[in-house]
Amino acid sequence: MAGLLPELGLQRRLDARFRKRINRAPSPLLAHGAPWLTVMLGSLAAGWLAIARTPVMPPLGYLVLIGWRQLRPGVLPVWAGLPLGLADDLVSGQPAGSAVLLWSLTLLGLEAIEARWPWRNFGIEWAVAAGLIALYLLGAAMLASGTARIDWLPGVLVQIVVSVLAYPPAARAVAAFDRLRLARFRNLG
């Protein structure tokens with residue numbers, strides 16, 4: 001009888017550990033909707049935080065888009081640049097279609113990078129994001145002004161530096177949202 005007591009304690013611990021997982025599954029609505037919603041909220045939040053004469057705030061929606069695409073390449077399809085860019089164009093004040101074009105090109109570029117180099121570390125991801133952010137902000141400035149002028153370059157350079165430095169916290173926030181997205185809830189069905 002004394003030999004069975006440790007086995008019963010082990011069995012109770014195993015039952016308690018697996019009882020928490022039985023009848024639990026990620027919410028399909030949260031699993032599929034969280035990336036889309038966080039990108040759109042990032043686009044909205046960029047306009048809430050500061051009002052300045054020159055653009056200084058990073059494009060948070062764009063940073064979140066890159067974060068999702070680098071963390072989970074399959075969660076946002078390549079065509080997601082069209083609806084998400086349209087939503088960003090509506091709230092950012094950029095000319096209509098600029099984010100649609102630039103976000104779609106970004107997702108195509110990230111898809112090509114993912115196909116060519118599937119294994120990367122965070123340093124490489126940050127360098128890729130920095131290059132994409134610089135190209136995006138320069139392209140958005142050219143589309144907004146209609147020409148490539150030198151007078152808006154210092155303001156854009158400041159925004160590029162701020163955006164590149166804001167990418168790691170944005171990527172960490174995306175990782176936190178990903179953990180929330182995959183959280184297991186009681187399955188009542």
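Please rank Leu63, Leu180, fewest neighbouring Cβ atoms within 10 Å first, as an exposure proxy.
By the 10 Å Cβ count, ascending, the order reads Leu180, Leu63.
Please arrange Asp151, Asp89 by how many other C-beta atoms lie within 10 Å of their C-beta, fewest to most.
Least to most surrounded, the residues fall as Asp151, Asp89.
P(r) tail for segment 72-117, what percent of Cα pairs lie past 16 Å? Intermediate results must be reported in sequence, preceding the final value.
Details: 379 of 1035 pairs.
More than 16 Å apart: 37 percent of the Cα pairs in segment 72-117.
In whole Hz, what ³J(HN,Hα) sequence does segment 33-39 give by Karplus (6.51, -1.76, 1.60; θ = phi - 60°), x for Gly and Pro?
Result, rounded to whole Hz: x, 4, x, 5, 5, 5, 5.
Using 7 Å Cα-to-Cβ label points, what is the Leu153/Arg72 separation (nm, one decimal)?
4.1
Trypsin sites (Lys or Arg not before Pro), restricted to segment 98-189: which are DSSP loop and have at most 15 other Cβ atoms within 10 Å?
Arg120, Arg149
First select every other residue whose beta carbon is under 14 angstrom from the beta carbon of Val174; then total the charges, Lys and Arg +1, Asp and Glu -1.
Here the charged neighbours net out to +3.
Would you list Ile160, Ile150 from fewest to most Cβ contacts within 10 Å?
The order, fewest Cβ neighbours first, is Ile150, Ile160.
Where a number appears in this text, it was derived from the coordinates with a stated rule and is not lab data. Nothing here was measured: the structure is a model prediction, and the numbers come from that model. A quick note on method: Cβ atoms are made from the backbone with ideal geometry, for glycine too, and the neighbour counts reach across all protein chains shown.
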